[in-house]
Amino acid sequence: MNLNTYEYWTKSEFTARRYLLGFCWKSHQRFCPKCRHRKNYHLANGKRRCARCGYTFHDFSHRWISHNCRLSCRDWLRVIKLFELEISTRKIAQQLDITYNTIYKAVTTLRVTILAHADDAHSLLNGEIEMDESYFGGRRKGNRGRGAAGKVPVFGILERNGRVSVEAVPNVKAETVLGLTVKKVRRGSIVYTDKYSIYDTLIFCGYRHLQVDHGKHFAMGKVYINGLEGFWSYAKERLIKRHGISPERFPLYLKELEFRYNHRHEDIYQILAKYLCDFVPDLS
Ligand SMILES: [Zn+2]
C-alpha cells in the first residue's frame, strides 16, 4: 500500500475500521464466531448476540486483531505500516507514543499470524531446487560454518525464481534433512546441493541430485546454489540489526524473513492486514 492510499485509510478511526472490517466480513454479513450461525440480534452496546447459541460478540471478536492487545484500528494500521518498513519495535513505540509492551505484543501478534500461514501454499516446492544449511546466532568465538558451537542450524530449500522455505532444525543429520525434503519438495525435482555427505541419500528418495563443488569451481553452468546463498545473506543482514534474539523467538523471526522474501513482489501491508483479521484457531 503506497502512502497516498495509506493516508486515505488512516484519516480517521472510522475509515481505518472500515478498511479492517472489509477483511473480516465478506458482504457485511455477520455470523457467530462460535457456531457460524448467521442470525443474530443487535444489542444496545453495539455488540451482537447469536440467535442459536446465545454467544455475544463484537465485530473483531476472536480475531488476532483483538486477541492480545488493545489498539485502535488506526493504530493497528500504523503498526502494520511501520512493521512493513522494518522499523524496530522500540522505534514504532516511540513514533506512536504507545508503550513498548503494547507494541511488542502487537508486533508479536503479526509474527504469529505469519507463522500460522507459513505452510499456506501446501503445494510442494518443485522444479529446480537449491538446498543448503546455514548457522545462525551468537557472536561467540569458535568454529565458523558447519558444526559451530552454540549456533542454531537452519535448513533452507529454495525454488529457483520462486519461494524459499527455511526451518530451524535440531541437527543437520541426513535423516533430519531428508525428512524435511520429503515433506516439502516434490519427487522428481532437480536438487542442487553442495558436496556435504548428508545429501547423498537424496537420490534414493526420488530426487535428481546434482552437487556443487565449491572447492573446484564456484558456479558450473546451472549447478550452483547462489539463490539460497543470497537468501542467507539477506536473512543474516536483517538479524544482525536485531542483536540478541533469544533462541525461543528465533523461529518466529525466521518465518518473518521467509514471509518477506516469498512476498517480495506483493503488497505485504495488505497481506498482513488480512492475516490480522483471521479468526484465532481452536475456537470452541
Ligand atoms: Zn452461535
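Taking the numbered list (1) basic (Lys, Arg); (2) without any contact (Cβ under 8 Å) to a residue 60 or more places away in the chain; (3) under 26 Å from residue 110 (Cβ atoms) in turn, residue 63 passes all entries but (2). Across region 70-80, which residue is farthest from the ligand (Cβ to nearest atom) among those that are touching a residue at least 40 places away in the same chain (Cβ under 8 Å) and surrounded by 17 or more Cβ atoms within 10 Å (Cβ to Cβ)? Looking at residues that are touching a residue at least 40 places away in the same chain (Cβ under 8 Å) and surrounded by 17 or more Cβ atoms within 10 Å (Cβ to Cβ), I get 78. Take residue 111 and decide whether it is in contact with a helix residue (DSSP H, G or I) (Cβ under 8 Å, 6 or more places away or on another chain), in contact (Cβ under 8 Å) with a residue 40 or more places away in the chain and either of a type in the set (D, E, K, R) or in a loop (DSSP other than H, G, I, E, B) (or both). The answer is yes for residue 111.
Within region 40-69, restricting attention to residues that are near the ligand (Cβ under 9 Å from one of its atoms) and in a strand (DSSP E or B), the residue that is surrounded by the fewest Cβ atoms within 10 Å (Cβ to Cβ) is 49.
Counting only residues that are modelled with pLDDT under 90, surrounded by 15 or more Cβ atoms within 10 Å (Cβ to Cβ) and small (Gly, Ala, Ser), region 139-173 holds 1 of them. Does any residue of region 106-113 turn out to be open to solvent by 30 Å² or more (accessible area, probe 1.4 Å), among the hydrophobic types (A, V, I, L, M, F, W, C), within 14 Å of the ligand (Cβ to nearest atom) and over 22 Å from residue 8 (Cα atoms)? For region 106-113, residues open to solvent by 30 Å² or more (accessible area, probe 1.4 Å), among the hydrophobic types (A, V, I, L, M, F, W, C), within 14 Å of the ligand (Cβ to nearest atom) and over 22 Å from residue 8 (Cα atoms): absent. Of all residue pairs spaced 6 or more apart or on separate chains, those with beta-carbon atoms under 8 Å, a first member in region 28-39 that is under 14 Å from residue 277 (Cα atoms) and open to solvent by less than 70 Å² (accessible area, probe 1.4 Å) and a second member that is within 9 Å of the ligand (Cβ to nearest atom) and in a loop (DSSP other than H, G, I, E, B) are 33/55. The residues on offer are 7, 86, and the sole one that is more than 16 Å from the ligand (Cβ to nearest atom), open to solvent by 30 Å² or more (accessible area, probe 1.4 Å), acidic (Asp, Glu) and not in a loop (DSSP other than H, G, I, E, B) is 7.
Among the residues making up region 89-104, those that are open to solvent by 60 Å² or more (accessible area, probe 1.4 Å) and over 18 Å from the mean Cα position of the chain (by Cα) are 90, 91, 94, 95, 97, 99, 100, 101. Go through the residues of region 15-25 one by one and say whether even a single one is open to solvent by 50 Å² or more (accessible area, probe 1.4 Å), within 16 Å of the ligand (Cβ to nearest atom) and farther than 17 Å from residue 81 by Cα. No, region 15-25 contains no residue that is open to solvent by 50 Å² or more (accessible area, probe 1.4 Å), within 16 Å of the ligand (Cβ to nearest atom) and farther than 17 Å from residue 81 by Cα. Does residue 198 satisfy the criteria of being at pLDDT 90 or above and open to solvent by less than 40 Å² (accessible area, probe 1.4 Å)? No; evaluated as a whole, the condition is false for this residue.
Among the residues of region 242-253, those that are touching a residue at least 40 places away in the same chain (Cβ under 8 Å) and either in a helix (DSSP H, G or I) or not charged (D, E, K, R) (or both) comprise 245, 247, 250, 251, 252, 253. Being open to solvent by 70 Å² or more (accessible area, probe 1.4 Å) and at pLDDT below 75 is the filter here, so list the residues in region 207-253 that pass it. Answer for region 207-253, where residues must be open to solvent by 70 Å² or more (accessible area, probe 1.4 Å) and at pLDDT below 75: 214, 215, 216, 217, 218, 220, 222, 243, 244.
Within region 254-269, being touching a residue at least 40 places away in the same chain (Cβ under 8 Å) and surrounded by fewer than 16 Cβ atoms within 10 Å (Cβ to Cβ) holds for one residue alone: 267.
The values are calculated or read from the model by the stated rules, or taken from the named source; none is laboratory data. This structure is a prediction, so every number in the text was calculated from the model and none was measured. Cβ coordinates were reconstructed from backbone atoms using ideal geometry, including for glycine residues, and neighbour counts include every protein chain displayed. The accessibility values were calculated without ligands, DNA or RNA, using every heavy atom of the protein model including side chains. Shrake-Rupley method; radii C 1.70, N 1.55, O 1.52, S 1.80 Å.
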